[in-house]
Structure formats: structure tokens, C-alpha cells
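Working notes, beginning with the structure itself.
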């Protein structure tokens with residue numbers, strides 16, 4: 001105790017050492033805990049991001065092949081051969097076999113990852129693949145194949161579990177889809193992807209130094225693990241048994257991070273399910289690797305602390321020996337130093353003394369030297385600080401430039417806070433929504449239903465990104481079509497919404513114009529032949545049971561070329577427009593009227609209730625079309641020929657319906673004595689319409705019938721006995737009492 005009490009330096013030194021030791025200890029404990037939490041949180045986030053990135057890459061890998069299977073569904077050849085084949089022996093005799101095998105080979109060659117493309121046929125218990133020479137063994141059972149079982153369960157596009165393919169005899173994963181008929185599965189089609197290709201994809205990802213990735217099936221089995229960690233035949237334990245207690249959580253469909261602790265074998269496990277398959281991506285990294293930087297920091301901190309404590313102890317020991325310098329000399333030197341000298345200079349005798357004065361003298365000299373160094377270092381640091389300030393000014397200038405560029409773009413850009421008030425927007429945003437820029441920050445976009453509504457908010461709670469087309473009505477009552485993309489992001493614990501809007505109104509108008517050019521005739525404003533053909537195919541294709549009757553009526557203007565040559569094309573166009581307007585008044589809402597060509601029109605009459613009603617309609621149509629038309633103050637009668645074909649009596653599909661109607665039209669044009677004709681075929685006899693007694697009727701070219709007209713069902717012609725014939729049409733005669 002006397003040694004401690006006799007020297008002030010010793011007392012101060014001991015107190016300083018104790019204080020520094022305690023301060024370093026507290027600082028170390030707090031720093032270690034904070035850094036430990038920091039490294040763990042960052043590592044978990046990085047591990048989870050790695051798993052998400054791998055899952056995204058796998059989804060991209062699968063989805064590009066799902067597109068191929070979706071395209072295969074549109075091939076009608078696959079549907080046709082699946083329906084036709086009943087036994088395996090019929091396969092190679094089928095006319096579509098070579099076509100389909102070539103198509104399957106083309107699909108296989110389109111992507112090096114595809115090992116096989118194939119069809120599975122339920123009735124024949126057979127497979128047609130891109131390897132045309134392959135035939136299944138006699139005991140092959142399609143219903144027991146893993147890929148077919150999973151396809152039947154899903155009844156949609158399916159990514160199967162790994163299995164051994166019987167054709168390539170390799171481990172594959174299939175992407176399949178069922179072939180349906182009347183909602184019953186009659187087969188399946190798909191492609192095989194080699195498991196080795198997926199393994200190669202997984203090997204490209206490295207998690208840390210000692211981490212690794214796993215691909216886990218929905219049932220908990222491990223689909224992929226690194227080659228260096230495969231269990232050899234001699235090993236008795238599975239290195240992945242530590243996952244078993246957490247497998248239910250991993251395969252739950254959610255993503256997350258698990259901390260596994262057992263003795264000294266602690267690990268972090270991040271898991272993310274893929275969207276396109278039943279696989280879960282897991283990334284694993286040892287906890288020791290995560291905390292390795294922390295251990296290095298602890299070692300460095302401990303070393304610095306001990307070194308500093310040792311230096312302080314040595315400094316205090318030396319100061320105790322040398323302090324004893326005259327105070328005045330020291331004071332003068334200190335004052336001189338404070339006036340601007342570079343360092344404190346004392347007599348050599350003071351430096352050679354071993355008491356407290358000598359220690360103080362040397363200490364002051366050393367201190368002055370260090371202060372000078374510190375000043376130089378401060379000057380150097382100031383220069384570095386000035387450079388940093390200049391860099392930040394450049395960054396600020398760039399940010400200002402970015403904001404200026406955003407303000408000039410045509411896309412509306414905006415940022416909302418968590419209460420849906422706008423904290424930033426560019427000029428385009430104000431222009432598109434039709435609200436002055438000064439008013440936008442004061443408006444709650446959600447409450448005022450400006451782009452943001454409750455369903456959109458609910459969607460962003462589940463998925464932080466939403467995009468799609470919306471309709472928006474400006475204050476000017478103009479309806480705009482907009483494309484909105486909005487993302488929910490977090491910053492400092494608060495939610496923000498960043499979005500952009502693009503005005504698609506002009507684009508929508510272009511789409512509308514394109515639709516008009518494709519489906520409408522610009523002269524008559526009627527639908528064109530493309531629209532009539534597509535409507536006819538859709539109407540008849542939807543009538544799978546042949547339960548309804550539909551009629552196709554073709555109308556042709558006789559000698560229209562003569563009208564154009566005699567009166568000019570402008571006059572001919574007016575004739576076409578007048579005839580089109582008259583036809584519009586002669587159809588019902590469910591009928592389709594179209595101009596098919598220069599002088600030809602078509603009516604698709606849907607859901608004909610009876611042959612009698614159709615016949616009456618044709619008579620009325622013929623009568624109305626023969627009425628006079630006024631063109632440029634001239635009145636004329638247009639002769640037309642009409643051909644009619646009836647579904648399903650005359651044709652069982654639209655192409656044949658059009659062909660038979662055209663045939664009937666050609667027969668009418670060839671026989672100038674008729675105005676219309678039904679396609680010859682098997683019809684029930686049609687009763688003649690009432691009201692045709694002993695009187696002349698314009699619809700029959702001025703005939704004076706002696707009896708009511710009769711409909712002959714076999715040749716499908718209208719006939720009557722006539723007293724005489726008088727006609728305004730080209731001259732022809734017939735004796736009295738003749739059958740016409």
C-alpha cells in the first residue's frame with residue numbers, strides 16, 4: 001500500500017488502467033452481442049435471398065418447358081390419334097403416326113434439356129414418343145406409370161416427381177398435361193427433362209465456403225444434394241437426418257429460415273418453395289462460418305486491449321521514474337509551444353533526470369511531437385473530408401438530374417406513404433390523372449379513389465407487386481385506359497408505394513381500328529367474310545350434339561358488272577350500300593350479315609326453328625330484295641340469286657356448309673328461271689306458304705298460278721300449274737297448264 005500511496009502517478013495510472021479495462025470489457029460485450037445479432041440477421045437474409053434466387057431460376061427453367069407443353073395441347077393431331085387408337089398394333093398403320101413422331105422429334109430438338117417428347121394413349125395402353133422405333137413391353141401398364149398417375153390427379157399441366165424413364169432409361173422429371181374428351185381423360189402428352197440437367201443448374205450456386213444447396217420433394221425426400229455429400233454404400237448414417245424434425249415445416253408451402261442446433265454442429269437452413277413444381281429449395285450454411293468474422297473481431301479486440309493495457313502500464317512505470325523537472329522551465333516551454341513552436345524543447349538535463357520532472361519533460365516533448373503529427377493528420381483528413389464532400393455533391397447533382405429526367409418522362413411516376421398521400425410525383429402523373437400538381441399532395445388517393453382502391457390495397461398486402469390495365473375517368477369525364485404498376489416497399493419500418501402509370505388510350509384506339517379493318521367491310525359497314533367464317537366455325541363447333549339447325553344464305557347480285565360498266569363504280573357502290581341497308585332490316589339480332597365479296601352477301605341464320613319458318617323467311621327475303629331501289633333519283637330493280645344450305649342436314653361442319661350453299665347459288669345463277677334454291681339433299685317436304693291462290697305474285701315473276709304452289713321434297717323445287725306467264729325478266733314462254 002505504501003508503494004501505491006507514495007506516488008500520484010501510480011494511483012492515477014492504476015485507476016486509468018482499471019477504468020480502461022472496464023470500459024473495454026463493457027464495450028466488447030455490447031459490440032460482440034450487437035455484431036453477433038447483425039451477422040446472424042444478415043446471414044439469414046442472404047441465405048433466404050439465395051434460396052429465393054435459386055427457386056426463381058428453377059421456376060424459369062420449368063416454365064419455359066411448360067410453355068412447350070401448353071403449345072402441344074393446341075395440336076389437333078394428338079387429339080385425333082388418341083381418340084382413334086384402340087390397340088398397339090394399330091399405331092404404325094395410322095396415317096398420323098409419322099407426322100406425330102416427326103412433330104415430337106422437332107419438340108425434342110428444340111431444347112437440349114428435353115430428353116423425350118411423347119403421347120400416352122389410354123385405350124391402347126401405348127406410348128408414342130420422339131423415339132419412333134420404341135415399343136413398350138407387353139406387360140407395360142400406362143395406368144401404373146408415376147407421371148400418368150400424377151397427371152390424372154391434377155387434370156392440368158403437371159410437373160412430376162423424378163422417376164426412371166422406360167424409353168431413355170434415365171432419371172427424368174416430366175411436364176405433362178391430360179388429353180380430354182367430354183371431360184374424360186383419354187390420354188396424356190408431355191416432355192421429359194433430365195434430372196442431371198437440373199442437378200447441373202443447382203451446382204452452379206455456391207452458398208458461402210462450406211454451405212450447400214438442397215432440392216427437396218413435396219413428400220420430404222431429397223431430390224438433389226451435392227455430390228460430395230452423397231451417402232456412400234459403406235456409410236450407415238444419412239448426413240441429412242438433421243432435416244427430419246423440420247421437414248413438415250419445410251414442406252408446408254411457406255418460406256423461412258430455421259436455426260438448427262445440436263452440440264457443435266449448428267446450421268442455418270433457409271427454405272423457399274418453387275411456384276412451378278412440387279420442389280422446395282433449401283440453402284444450408286454452418287453457423288461457425290456465419291460467425292467467423294465475429295470471432296476474428298473478438299480476437300482483434302482482445303489483442304488490441306491487451307496491447308494497449310500493456311503500453312499504458314509501461315508508460316506509467318516510466319513516468320513514475322522520471323518525473324522531477326523544474327516547473328518554470330516546463331511552463332515556459334509549454335507557453336512557447338502554445339505560441340506556435342513546433343514542439344516543446346527543454347534542457348537536456350531535464351530529459352536525463354529519472355524523477356517525475358524528467359518524465360514530465362520527455363512526456364511533454366513527446367506530446368508536442370504527437371500533437372504536431374495529429375495536426376498533420378487532421379489536415380490530411382480534412383483534405384479527404386473535402387474530397388468526400390465533393391463526391392457527395394456530385395451524387396446530389398446526379399440525384400437532382402434523375403429527378404429532372406423523371407419529371408420529363410411521359411410515364412406518370414409517383415411515391416405514396418403508408419396513408420396513401422403522394423410524397424413525390426412527376427408532371428406526367430399530374431397530367432394523366434387530370435389533377436393540378438399543387439393539389440395532389442393534399443389528396444388521399446385511396447379515399448378519393450384515384451388509381452388506388454381497397455381491392456388493390458388488399459392485393460398488395462398479399463403480393464408486394466401489382467400490375468395491370470385499369471380504366472380511369474378524369475375530372476373532364478374522359479375515360480382513359482392506363483397500365484398501372486405499383487410496388488409496396490419498406491423503409492425504416494414504414495410502408496411506401498412506388499408506382500408508374502402509362503396512358504394506353506391511343507394504343508387501345510389502334511387495337512379497335514385494327515379490329516375494324518379485320519372484321520368489317522369499309523364500304524357497307526357490314527361484317528366481312530373473315531368475321532362470317534369465324535362466327536360460323538364457332539357456332540357449329542359449339543353444337544357438338546347437332547341439336548340445332550343453322551342456315552347459311554348466300555346472295556349474289558346478277559349482272560352487277562354490267563351496272564358498274566354502264567353507270568360507273570360510284571353508282572355501283574351506292575347500289576351495294578342500299579342493298580346492305582335493306583338486308584340489315586331483314587335479319588334478327590342473332591343472325592350475322594356480311595359482305596363476302598364484290599357483289600355477294602351472306603347471312604348466317606342461327607337456330608332455325610323449322611324448315612317451314614326458313615322457307616317463309618327465304619320467300620320474304622326474295623320479295624324484299626326485288627323491290628325497287630332509288631339511286632341518284634333513279635329507281636331500279638336489282639335481280640339477285642340466293643343459295644341456301646342447312647346445318648346439319650346438308651353439312652356437318654362450316655366449310656362444307658359454305659361449299660354447299662355456294663353450289664346452290666351457282667345452280668340458281670345457271671338457271672335464270674329461279675330466284676333461290678336450297679342445296680339438294682334429304683329434307684322433309686316443305687309445305688307451300690299460304691296465300692298463293694289464283695293471283696299473280698311478284699315473287700314468282702308474274703306467274704298466274706292455277707293452283708296453290710307445291711313443294712317437291714325429293715328434287716327440292718317449287719312447282720305449280722299456271723294459266724299464263726308474264727314477266728318483266730328476260731323473255732321465256734310456257735304453254736298453259738304446264739308444270740313449272
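The values are calculated or read from the model by the stated rules, or taken from the named source; none is laboratory data. These numbers come from a predicted model, not from an experiment. Cβ sites come from the backbone with ideal geometry, for glycine too, and all protein chains shown count toward neighbours.
Could you please give the count of residues in region 259-285 that are crowded, with 18+ Cβ neighbours inside 10 Å and closer than 16 Å to residue 37 by Cα?
2
Filter region 479-500 down to the residues that are touching a residue at least 60 places away in the same chain (Cβ under 8 Å) and within 16 Å of residue 449 (Cβ to Cβ) and list them by number. Write out each step before concluding.
So the first thing to find is which residues in region 479-500 are touching a residue at least 60 places away in the same chain (Cβ under 8 Å), and the list is 494-500.
Across region 479-500, the qualifying residues are 497, 499.
Could you please let me know if residue 62 is surrounded by 14 or more Cβ atoms within 10 Å (Cβ to Cβ) and more than 25 Å from the chain's Cα centre (by Cα)?
Numbers: surrounded by 14 or more Cβ atoms within 10 Å (Cβ to Cβ): yes; more than 25 Å from the chain's Cα centre (by Cα): no.
Judged against the criteria, residue 62 is not a match.
Residue under question is residue 346, and the condition is that it be in a loop (DSSP other than H, G, I, E, B) and either modelled with pLDDT of 75 or more or out of contact with any helix residue (DSSP H, G or I) (no Cβ under 9 Å at 6 or more places or on another chain) (or both); does it hold? Talk me through it step by step, then tell me what you get.
Values: in a loop (DSSP other than H, G, I, E, B): yes; either modelled with pLDDT of 75 or more or out of contact with any helix residue (DSSP H, G or I) (no Cβ under 9 Å at 6 or more places or on another chain) (or both): yes.
Answer is yes for this residue.
For region 538-567, enumerate the residues that are over 18 Å from residue 608 (Cβ atoms) and touching a helix residue (DSSP H, G or I) at 6+ places or on another chain (Cβ under 8 Å).
556, 557, 558, 560, 563, 564
Looking at region 450-468, can you tell me whether even one residue there is over 14 Å from residue 412 (Cβ atoms), at pLDDT below 85 and assigned by TED's automatic domain parsing to the domain that holds residue 417?
Checked against the condition, which is being over 14 Å from residue 412 (Cβ atoms), at pLDDT below 85 and assigned by TED's automatic domain parsing to the domain that holds residue 417, region 450-468 yields no hits at all.
Would region 646-654 turn up any residue that is closer than 11 Å to residue 553 by Cβ and modelled with pLDDT of 90 or more? Talk me through it step by step, then tell me what you get.
Residues of region 646-654 that are closer than 11 Å to residue 553 by Cβ, as a first pass: 646.
The next check asks that each one be modelled with pLDDT of 90 or more; those that pass are 646.
There is at least one residue in region 646-654 that is closer than 11 Å to residue 553 by Cβ and modelled with pLDDT of 90 or more.
Looking at region 564-571, is at least one residue touching a residue at least 12 places away in the same chain (Cβ under 8 Å), in the same structural domain as residue 530 (by TED's automatic domain parsing) and under 51 Å from the mean Cα position of the chain (by Cα)?
no
Which residue is nearest to residue 500 (Cα to Cα), if the candidates are limited to region 462-478 and must be touching a strand residue (DSSP E or B) at 6+ places or on another chain (Cβ under 8 Å) and without any contact (Cβ under 8 Å) to a residue 12 or more places away in the chain? Please lay out each step first, then the result.
Step one: of region 462-478, the residues touching a strand residue (DSSP E or B) at 6+ places or on another chain (Cβ under 8 Å) are 464-474.
Add one more test, that the residue is without any contact (Cβ under 8 Å) to a residue 12 or more places away in the chain, and what stays is 471, 473.
Values: 471: 15, 473: 17 Å.
Going through the qualifying residues, I end up with 471.
Could you check region 306-321 and list, in sequence order, the residues that are modelled with pLDDT under 75 and farther than 11 Å from residue 16 by Cβ?
Scanning region 306-321 gives 317, 318, 319, 320, 321.
Quick check: is even one residue across region 597-613 farther than 22 Å from residue 530 by Cα, in a helix (DSSP H, G or I) and over 51 Å from the mean Cα position of the chain (by Cα)? Let's see the steps before the verdict.
Restricting attention to region 597-613, the residues satisfying the condition of being farther than 22 Å from residue 530 by Cα are 608-613.
If we keep only those that are in a helix (DSSP H, G or I) as well, we get 611-613.
Now narrow it down to the ones that are over 51 Å from the mean Cα position of the chain (by Cα): 612.
Yes, region 597-613 contains a residue that is farther than 22 Å from residue 530 by Cα, in a helix (DSSP H, G or I) and over 51 Å from the mean Cα position of the chain (by Cα).
Does residue 597 satisfy the condition of being within 17 Å of residue 640 (Cβ to Cβ) and either in contact (Cβ under 8 Å) with a residue 40 or more places away in the chain or assigned by TED's automatic domain parsing to the domain that holds residue 664 (or both)? Write out each step before concluding.
Numbers: within 17 Å of residue 640 (Cβ to Cβ): yes; either in contact (Cβ under 8 Å) with a residue 40 or more places away in the chain or assigned by TED's automatic domain parsing to the domain that holds residue 664 (or both): yes.
Considered against the rule, which asks whether it is within 17 Å of residue 640 (Cβ to Cβ) and either in contact (Cβ under 8 Å) with a residue 40 or more places away in the chain or assigned by TED's automatic domain parsing to the domain that holds residue 664 (or both), residue 597 comes out as yes.
Out of (1) assigned to a helix (DSSP H, G or I); (2) in contact with a strand residue (DSSP E or B) (Cβ under 7 Å, 6 or more places away or on another chain), the odd one out for residue 656 is which?
It fails just one condition, (2).
Suppose the filter is within 19 Å of residue 506 (Cβ to Cβ) and more than 24 Å from the chain's Cα centre (by Cα); does residue 478 pass it? Quick ask: steps written out before the conclusion?
Working: within 19 Å of residue 506 (Cβ to Cβ): yes; more than 24 Å from the chain's Cα centre (by Cα): yes.
Answer is yes for this residue.
Which residues, counting only those in region 395-413, are free of Cβ contacts under 8 Å to residues at least 60 places away in the same chain and touching a helix residue (DSSP H, G or I) at 6+ places or on another chain (Cβ under 8 Å)?
Going through region 395-413, the residues free of Cβ contacts under 8 Å to residues at least 60 places away in the same chain turn out to be 395-409.
407, 408, 409 - these are the residues of region 395-413 that are free of Cβ contacts under 8 Å to residues at least 60 places away in the same chain and touching a helix residue (DSSP H, G or I) at 6+ places or on another chain (Cβ under 8 Å).
Examine region 414-423 for a residue that is more than 27 Å from the chain's Cα centre (by Cα), under 25 Å from residue 506 (Cβ atoms) and either free of Cβ contacts under 8 Å to residues at least 40 places away in the same chain or not assigned by TED's automatic domain parsing to the domain that holds residue 499 (or both), and state whether such a residue exists.
Within region 414-423 (the criterion being more than 27 Å from the chain's Cα centre (by Cα), under 25 Å from residue 506 (Cβ atoms) and either free of Cβ contacts under 8 Å to residues at least 40 places away in the same chain or not assigned by TED's automatic domain parsing to the domain that holds residue 499 (or both)), the answer is no, since none of the residues qualifies.
Please list, ordered by residue number, the strands (runs of 3 or more DSSP E) wholly in region 74-185 having 1 or more residues that are in contact (Cβ under 8 Å) with a residue 60 or more places away in the chain and surrounded by 19 or more Cβ atoms within 10 Å (Cβ to Cβ). Even if it seems obvious, please write down each step before you answer.
Details: elements: 114-121, 126-129, 171-181.
Once the strands (runs of 3 or more DSSP E) in region 74-185 are filtered for at least 1 residues that are in contact (Cβ under 8 Å) with a residue 60 or more places away in the chain and surrounded by 19 or more Cβ atoms within 10 Å (Cβ to Cβ), what remains is 114-121, 171-181.
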